[in-house]
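**Q** Okay, here's the structure, questions in a sec.
Please treat every number below as a calculation from the coordinates, not as lab data. Only a predicted model underlies this, so the values are computations on that prediction, with no experimental measurement involved. Because the Cβ atoms are built from the backbone with ideal geometry, glycine has one as well, and the counts that use them run over all protein chains shown.
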Amino acid sequence: MLSKNPGPLKFNFKKLQSRILKKYRKPNSTDTSRFPSFSEFVQFVIDSTRSFKTSRDWKENVKCWLPYWVRCSVCSFDYNVIMKLETIEEDKRFLVTLSRLNELRDRNAWVHLKNATSSSTLAAKYYKELTRHQILQLYKRYELDFRLFQYGIKDYLDNAKDAEGRKEGQGTEILTGI
């Protein structure tokens, strides 16, 4: 969403960028970017997926931000290794050793991070643009992924732009029973 020519072209994301801006950019906004902000994009995802209950709903209506449980049938395979971006270096060393892929031992760059020091740092930067309510709604859409990959929501909520000054536990009603 932050590209002049977002791809893949067949999905016509350029048109989607315009639709998101038209619907979610407030008329009095000081944001003059021609691209949707992370907050505007997240609100689009929240609103456009509100009624989705099944993998079919997701597959028929979403192009690129599918939950992993929909995308790759996580529960259908017996994985030997699941790697996470937060621990990618340690996980990579483990995988290289386990599979004896010694030619990969000295590869270090994670190409998608560009100038960020880590995926956690980059995520924190983006989540500071969201409200706690947006994060909770986004969590509802991707809750099964959180559970499958053992992610917690607390750190995301703590990064919300309205997190400061809130009492401990306030605003987490949705998480009861998890």
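**Q** How much length is gained if the chain between residue 59 and residue 101 is pulled fully straight, taking 0.36 nm per residue apart and subtracting their Cα-Cα distance, in nm to one decimal?
**A** 11.7 nm
**Q** In addition: Kindly state, to the nearest 0.05, the FRET efficiency for residue 76 paired with residue 151, given R0 = 22 Å and r defined as their beta-carbon distance.
**A** With R0 = 22 Å, the Cβ-Cβ based efficiency is 0.60.
**Q** Using the structure shown, select from 128/154; 4/140; 59/125; 125/161 the pairs with a Cα to Cα distance greater than 20 angstrom.
**A** Checking Cα-Cα distances, 4/140; 59/125 exceed 20 Å.
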